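First up is the structure itself, then whatever we jot down about it.
What follows is calculated from the coordinates using simple rules that are stated; it is not laboratory data. Predicted model only: the values in this text are computed from it and were never measured. No Cβ is skipped: glycine too gets one built from the backbone with ideal geometry, and neighbour counts run over all protein chains shown.
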Amino acid sequence: MRFCNATPSRRYPLTIGDDAAVRRCTKGESLVLTTDVLVEGVDFSLDYMTLREVGFKAMAANLSDCAAMGAMPESALVQVTFPASHRGVRAAFRNLYRGIGEACRLWRFAVVGGDISSGPAWSIGVTLIGRQPDGLRVLQRSGARHGDGVWVSGCVGESAAGLEALRKWGRNSVPAKYRRLVRRHVRPTPQIALGAALVRNRHVHAAMDISDGLSKDCAVLAGDSGLGAVLESGRMLISAGTRRLARELKTDPMQWLLHGGEDFELLFAASPAFDPVEIERARNLQLTRIGRLDKVRRGVVLTRPDGRTRPLRDESWDHTRAALL
């Protein structure tokens, strides 16, 4: 755990070793706080993920929320519940914290506290503190305007495709041609640098990360601004690997793209004047305009290449809805 724990500093005079961490604030700065939890059997399975990957992904989920606000990660609290019947707990914890430590090193922040308990299954909860320097706004889900374009980063749907490959073949037997998709699921990359660029662009009005699925998250982005959305399926990028896997499994890749979730890409609303070229070049990524926001409509409508439209049902993951089934 030493490689991800904070040592006392001017900003954090107290960290691990006391009853609580202390953070000194400066005038005018904004702190961004987010939390997420991964539960074994619900959010991950050790049949196809290592504890090291689970630790990294738990951090990535929170980092993605931080990215959506345009903030930079600064510190984290980690709460771990381990199964009381688990053998080799010390080695398991070392592996878990290796993944946590990797994320800490990559995005230059530290774990300043947390807690450990035992229970029926592994559960990793992370509370992340991000920082926005004075003078910079914080991006919100609300704030989008009529006529804004709906934009996404990267190729959405790859994480869900990777999960299906794991379910089909198991971790050790996934064909080499689909290992990139598997990596997108077990080791996602939060778009921290992109979020920092978007918050500085005056044409970007609202943003959130794609964690539950595009159909649900787009409805939230539009609805929180009192708008509806018209998405164009013909504009949506589906990677070659995702298409290949869909053909092999005889399924529609649009299901993964629209409802899959856990891509941890960014979904954002920007005015027609927004130009993605400079950001794309600087960050070596692709931004795609997939639709527009409309004050006349409510909900989300999907337009096909032939011009036909249909309401887009929210079939993305929802813990409360799953519990009520």
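Post the alpha-carbon centroid distance, segment 129-206 to segment 216-275, in whole angstrom. A separation of 11 Å, based on Cα centres.
Under a point-charge model restricted to the Cβ atoms of Lys and Arg (+1) and Asp and Glu (-1), what is the dipole moment magnitude of the chain relative to its Cα centre, in debye to the nearest 20?
Dipole size: approximately 740 debye.
DSSP assigns beta bridges within the chain; of those with both partners inside it, close to 70 percent run antiparallel. So what is log10(I(q)/I(0)) for segment 149-315 at q = 0.16, 0.18 1/Å, when the Debye sum runs over its Cα atoms only? Listed by q, the Debye log ratios stand at -0.92, -1.13.
Between residue 202 and residue 108, the distance separating the two model label sites (each 7 Å from Cα on the Cα→Cβ line) works out to 2.8 nm. The charge dipole of segment 30-132, taken about its Cα centre with unit charges on the Cβ of Lys, Arg, Asp and Glu (plus for the first two, minus for the last two), comes to roughly 420 debye. Taking other residues whose beta carbon is less than 12 angstrom from the beta carbon of residue 157, and scoring Lys, Arg as +1 and Asp, Glu as -1, yields -4. Considering all different alpha carbon pairs of segment 102-202, the Kirkwood hydrodynamic radius works out to 17.7 Å. Each peptide in 187-193, 254-260 receives the mean, over its residues, of other Cβ atoms within 10 Å, and ordering these scores from highest gives 254-260, 187-193.
Based on alpha carbons, the Rg and Dmax found for segment 30-132 are 13.3, 43 Å. Taking Cβ atoms as reference points and 15 Å as the exclusive limit, the residues near residue 187 contribute a net charge of +2, counting Lys and Arg as +1 and Asp and Glu as -1.
Summarising the amide proton neighbourhood of residue 299: residues at separation of 5 or more, or on other chains, whose placed amide H is nearer than 5 Å comprise 229.
Over segment 30-132, Cα pairs under 8 Å with separation of 6+ residues give a relative contact order of 50 percent.
If R0 equals 41 Å, the separation of the Cβ atoms of residue 183 and residue 27 corresponds to a calculated FRET efficiency of about 0.45.
Estimated purely from DSSP H runs of n ≥ 4, each contributing -39500 (n - 2.57), the mean residue ellipticity at 222 nm for the chain is -9500 deg cm²/dmol once divided by its residues. The residue among 128, 208, 191 whose Cα reaches farthest toward the positive pole of the charge dipole of the chain, with charges on the beta-carbon of Lys, Arg, Asp and Glu, is 191. Residue separation of residue 220 and residue 252 scaled by 0.36 nm, minus their Cα-Cα distance, works out to 9.1 nm of gained length.
Scaled to the globular estimate 2.2 N^0.38 Å, the Cα spread of the chain, given as radius of gyration, is 1.02.
Using C-alpha pairs under 8 Å with a sequence gap of at least 6, the mean separation divided by the residue count of the chain gives a relative contact order of 22 percent.
A dipole drawn for the chain from +1 and -1 charges on Cβ atoms has a positive end, and of 76, 172, 49 the residue lying farthest that way is 172. Building the convex hull from the alpha-carbon atoms of segment 71-113 and averaging its projection over directions returns 3.4 nm².
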